[in-house]
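The values are calculated or read from the model by the stated rules, or taken from the named source; none is laboratory data. These numbers come from a predicted model, not from an experiment. FYI the Cβ positions are ideal-geometry reconstructions off the backbone, even for glycines, and counts take in every protein chain you see.
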Amino acid sequence: MRLLVATVVCGASLALAADRPAPLRSGVEFTGSDARALQADDVANPGMLWVSRGEKLWSEPAGTSGKSCADCHGDAAKSMKGVAARTVHLEERINDCHAGRQDARAFEPESQPLLSLAAYVAYQSRGMPMAIEDTPQNHASLERGRALYHRRSGQLNLACSQCHDDNWGKKLAAETLSQGHPNAFPEYRLSWESVGSLARRIRACYSGIRAEMPEYGSPDLADLETYLGWRSSGLPIESPGVRR
Amino acid sequence: MPGRELTVAARLSVPATAKKGEPVEIRIAIQHPMETGFRFGIDGRAIPKNVINRFSCRFEGAEVFSAEMGSGISANPFLDFYATAEKSGTFEFEWIDDAGVRGRESAKIEVA
Amino acid sequence: MLGASLAAGFGRAAFAQVPIENGMNAIVRDLTGGAAMREGRVRLQLPRLADNGTSVPLKVTVQSPMTAADRVRSISILSPRNPRPLMATFRFGEESPRAEVMTRVRLNGTQRVLAIAQMSDGSFWSATSEVEVTESACLDAS
């Protein structure tokens with residue numbers, strides 16, 4: 001199976017692909033039909049359980065501040081609308097508030113409360129187009145992310161671009177390669193049996209090409225998230241997505 | 001935040017109204033890892049089995065539907081089943097896992 | 001059945017068709033008391049190809065008037081390849097209007113899932129559904 005992958009993509013053109021795939025397509029179009037149906041069902045979508053829990057946490061006081069998210073941000077449906085569309089590193093931003101402003105112990109990466117809050121916040125932007133722009137603040141990160149995206153690594157010696165720019169839509173075993181967009185995160189993956197973050201998904205891809213996974217919070221992950229966010233501009237947010 | 005203190009999340013769909021005696025479709029998803037007991041932690045020890053082993057739906061005290069479940073039911077168990085209501089009343093849902101942790105939900109229905 | 005699987009030919013992983021000895025047959029005997037299971041009345045639906053083996057949608061329906069005299073008491077779902085063969089038993093109360101349940105199951109590889117319904121007259125009816133479960137395309141160590 002993996003030998004087949006190497007044969008297919010080594011033969012692919014090394015010419016610089018256009019920066020964004022055309023047409024831009026969400027991963028929902030490439031995932032299994034059952035996952036797609038689950039995502040559209042607000043009761044059966046397991047990711048919505050994290051949204052529900054996040055809704056509860058939003059109103060709970062935390063840390064020595066004694067304040068809840070709601071105390072500063074009010075109704076999330078209003079204050080958080082659009083945030084996921086224009087913010088990269090959502091989980092870090094939430095943790096900054098939790099540790100910095102609520103004066104609480106920082107959440108562990110991929111911990112249930114952090115994922116629940118991220119799912120709830122991202123859900124408020126459902127349907128809105130991704131809008132990460134190339135700004136003076138994030139330009140350096142974006143360019144580093146772009147370089148990482150196009151760099152071969154791992155025992156399989158693959159760059160992200162070789163699957164997700166050059167070969168999206170083609171089969172990899174029983175699955176179809178997506179364009180690798182972040183518009184459905186945090187997402188429920190059936191294989192994880194849990195909601196997980198974009199950072200986790202990128203780490204999973206690193207292990208897929210048999211490369212060492214970057215640590216949570218590492219600059220490489222952050223830079224890739226910036227680039228992927230920019231690259232997906234225009235795609236509607238689907239959080240919480242459902243994938244295999 | 002210790003996991004036990006977070007209240008169990010569940011999402012429930014019960015029609016608000018129904019005709020007397022007509023079947024109503026009830027759908028429920030409960031957040032639970034349905035730990036199989038076959039996984040190993042980072043310390044090399046098996047993570048103990050813990051699944052929701054019993055679920056029941058009662059209408060005005062009478063059990064309409066129940067499920068005995070094992071580790072073969074997916075994480076975050078989902079159930080879709082039918083009940084009837086002869087009069088307006090309340091559906092009560094209860095479940096318990098291997099560790100003895102209980103959960104409950106309820107929903108009212110108006111019968112024409 | 002094994003011979004037929006091996007002969008099924010090019011592209012089929014014949015080894016995947018061999019049920020493991022997980023004790024399902026013993027559980028079936030316990031459930032039915034050795035009584036014969038009739039085919040019909042039970043419809044078991046799962047996808048032909050699962051998106052992922054951790055969560056496969058399942059729908060089981062049993063034709064029955066669901067009257068006091070003629071109703072479904074329970075439906076059991078069994079697996080020939082999972083480590084625990086009895087996956088679930090659904091029981092229907094006196095007021096239950098329909099013996100139909102949807103849920104999501106874990107399937108430990110390609111297999112033929114079995115549903116057994118017990119009727120109020122003591123009879124047993126069964127149906128099966130074959131599901132292909134493949135491995136993920138890429139290793140995920142996250």
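Numbers for the structure displayed
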read-out	value
Index of the failed condition, residue B:87 passing every other in (1) surrounded by 22 or more Cβ atoms within 10 Å (Cβ to Cβ); (2) touching a residue at least 60 places away in the same chain (Cβ under 8 Å); (3) not β-branched (Val, Ile, Thr)	(1)
Members of the stretch C:51-82 that are of a type in the set (Gly, Ala, Ser) and either in contact with a His (Cβ under 9 Å, 6 or more places away or on another chain) or not in a loop (DSSP other than H, G, I, E, B) (or both)	C:74, C:76
Boolean, residue A:43 is assigned to a helix (DSSP H, G or I) and closer than 19 Å to residue A:194 by Cβ	no
Subset of the stretch B:34-72 (residues that are out of contact with any strand residue (DSSP E or B) (no Cβ under 8 Å at 6 or more places or on another chain) and within 8 Å of chain C (Cβ to nearest Cβ))	B:36, B:62
Filtered residue count, the stretch C:28-59, keeping only those that are under 18 Å from residue C:100 (Cα atoms) and more than 14 Å from chain A (Cβ to nearest Cβ)	6
Test for residue A:149: is it of a type in the set (Ser, Thr, Tyr), surrounded by fewer than 21 Cβ atoms within 10 Å (Cβ to Cβ) and in contact (Cβ under 8 Å) with a residue 12 or more places away in the chain	yes
Number of the condition not met by residue A:66 [criteria: (1) over 21 Å from the mean Cα position of the chain (by Cα); (2) buried (at least 20 other Cβ atoms within 10 Å of the Cβ)]	(2)
So residue A:72, is it touching a residue at least 12 places away in the same chain (Cβ under 8 Å) and over 28 Å from residue A:232 (Cα atoms)	yes
Selection from the stretch C:29-53 of residues that are crowded, with 21+ Cβ neighbours inside 10 Å, touching a residue at least 24 places away in the same chain (Cβ under 8 Å) and either farther than 13 Å from residue C:131 by Cβ or not hydrophobic (A, V, I, L, M, F, W, C) (or both)	C:42, C:52, C:53
Residue count, the stretch B:39-71 (criterion: among the small types (Gly, Ala, Ser) and surrounded by 19 or more Cβ atoms within 10 Å (Cβ to Cβ))	4
Any pair with Cβ under 7 angstrom, 6 or more apart, that starts in the stretch C:130-142 at a residue that is under 17 Å from residue A:214 (Cβ atoms) and ends at one that is assigned to a loop (DSSP other than H, G, I, E, B)	C:140/A:191; C:141/A:213; C:142/A:213
Lone unmet requirement of (1) in contact with a Phe, Trp or Tyr (Cβ under 8 Å, 6 or more places away or on another chain); (2) polar (S, T, N, Q); (3) within 14 Å of chain C (Cβ to nearest Cβ) for residue A:191	(1)
Residue check, residue A:184 surrounded by fewer than 22 Cβ atoms within 10 Å (Cβ to Cβ), among the hydrophobic types (A, V, I, L, M, F, W, C) and away from every other protein chain (no Cβ under 14 Å)	no
Wholly within the stretch C:83-142, strands (runs of 3 or more DSSP E) carrying at least 3 residues that are farther than 26 Å from residue B:86 by Cα, away from every other protein chain (no Cβ under 11 Å) and modelled with pLDDT of 95 or more	C:111-119, C:124-131
For residue A:183: the one exception among (1) farther than 13 Å from residue A:225 by Cα; (2) in contact (Cβ under 8 Å) with a residue 24 or more places away in the chain	(1)
Options A:64, A:31: the member that is modelled with pLDDT of 95 or more, part of a loop (DSSP other than H, G, I, E, B) and farther than 26 Å from residue C:47 by Cα	A:64
Residue list for the stretch A:231-244, filter: of a type in the set (A, V, I, L, M, F, W, C) and either facing another protein chain (nearest Cβ under 8 Å) or surrounded by 24 or more Cβ atoms within 10 Å (Cβ to Cβ) (or both)	A:237, A:242
